[in-house]
1. Among Gly210, Leu228, Gly321, pick out the residue whose Cα is farthest towards the positive end of the charge dipole of the stretch 187-360, where Lys and Arg carry +1 and Asp and Glu carry -1 on C-beta, about the Cα centre.
2. If contacts are Cα pairs under 8 angstrom and at least 6 residues apart, what is the relative contact order of the stretch 177-310 in percent?
3. Mind checking the alpha-carbon convex hull of the stretch 262-380 and giving the volume per residue in Å³?
4. With a 10 Å cut-off between alpha carbons and a GNM built on the chain, which of Thr267, Thr92, Thr143 moves the most?
5. For the pair Lys71 and Leu345, how long in nm is the line joining their label points, each one 7 Å along Cα→Cβ?
6. So how strong a dipole does the chain carry about its Cα centre when Lys and Arg Cβ are +1 and Asp and Glu Cβ are -1, to the nearest 20 debye?
7. What length, rounded to one decimal in nm, is gained on full extension from Val248 through to Arg124, with 0.36 nm per residue of separation minus their alpha-carbon distance?
8. In 10 Å bins starting at 0, how do the alpha-carbon pair distances of the stretch 187-360 split up by percent?
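Please treat every number below as a calculation from the coordinates, not as lab data. Just so we're clear, the structure is a prediction, and the values are computed from it rather than from any experiment. When we count neighbours, we look across all protein chains shown, and the Cβ atoms used for this are built from the backbone with ideal geometry, even at glycine.
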Amino acid sequence: MRKKICFVVSSPLTVKAFLLNHFNVLKAEFDIYVVANFDNPADASFLSQINDYHICAIKINRSIKLISDLKALLALQKYFKRNKFDVVHSITPKAGLLAMMAAYMAGVKNRVHIFTGQVWCNKRGVVRSLLIYLDKLIVKSSTHILVDGESQRTFLINQHIINDSNSKVLGKGSISGVDTGRFVANPSTRKKMRDELSLKDDDIVFGFLGRINKDKGILDLAHAFKMLKGDYPNVKLLIIGYDEENLVPQVKRIIADDNSVTFYGPTPNPEMVLQALDVFCLPSYREGFGTSVIEASLLGLPVICSDAYGLMDTIIENKTGLRHGAGNIRSLNDQMRKLIQLPDLRKYLGENGARFVTDNFTAENISGHWLKFYQQNFQN
């Protein structure tokens, strides 16, 4: 008899971004159920992509809303009890808290949560203490803990959230890996994107992809970039992503040169837009793993990233990319200058990066580890 796995997330976007390939591999041996908050009308079109699976809409909010959260907890418990799942697997903090508690209350034998980053790592005081307590509650309610990177796992062990014996990383890390059939470097795509963005052949383009907020170090990147402009008039900055905190006006004020920076906005085709770059930058203050780094590396781009713990697994320093201290604008600027002055180093890092990702972080590789985890732990 086939085992039943129920995946619980807050937003369907989590499924779209990270889980579809896993589902396609797991469905050969398991029945897949998905619980998410489908309240957003924009999610309706995504439902057609997951109609092979059993879908349940439960309103799980990302922020703390006590009455709504209690309703979600009870709805999850009822759903789990009715369907008698063999495994409940949660992703993201809020979904993890509600799903693991509800699964425990419903008597689900196998309860799996995967940590993909800690919102509390840069916070202080009561808020930090509360969020740490909630993560500990997730662990206490779970039977299996996964982490999407070894450096993050070490951090969580040091913070006494998990321990060495009750947690593991699948493969080399990353929640989903990179689709090698999608992220393919192509000179014609690069030319098309640079023409579309009015970039010249001799422009050296630094770029960022991700949610535009302070935790991602976007203001540090703006300051570091401004320090380059006087010495290198042909450097450009391309910022790709959704502006969560209305930082674009502030970035414009810092750089004070509209001709050197382009705000592309969010894109469903990062594999194309990234190819306009010469160097990828992620100066993040906190990061669970850094999927955008391995996406850029697979496209042959050299990487400059911070030493935030979650990024330690994504590059090999001085072989696939360069590091700088998180929050250290001078260090970031120095690494940017180095890659302007040394085109051979850019090529060396980019080529090594593509090999590093191909060897360790392909979507096929990571999904294979997920399948093996489920076969070894839940088939009998």
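1. Going by the charge dipole, the pick is Leu228.
2. Value for the stretch 177-310: 34 percent.
3. Normalising the Cα hull of the stretch 262-380 by residue number yields 125 Å³.
4. Thr267
5. Using points 7 Å along Cα→Cβ, the separation is 5.6 nm.
6. Working: 48 positive and 37 negative charges, 272 e Å.
Once rounded to the nearest 20, the dipole reads 1300 debye.
7. 42.0 nm
8. So the P(r) values, bin by bin, are 11, 43, 40, 7, 0.
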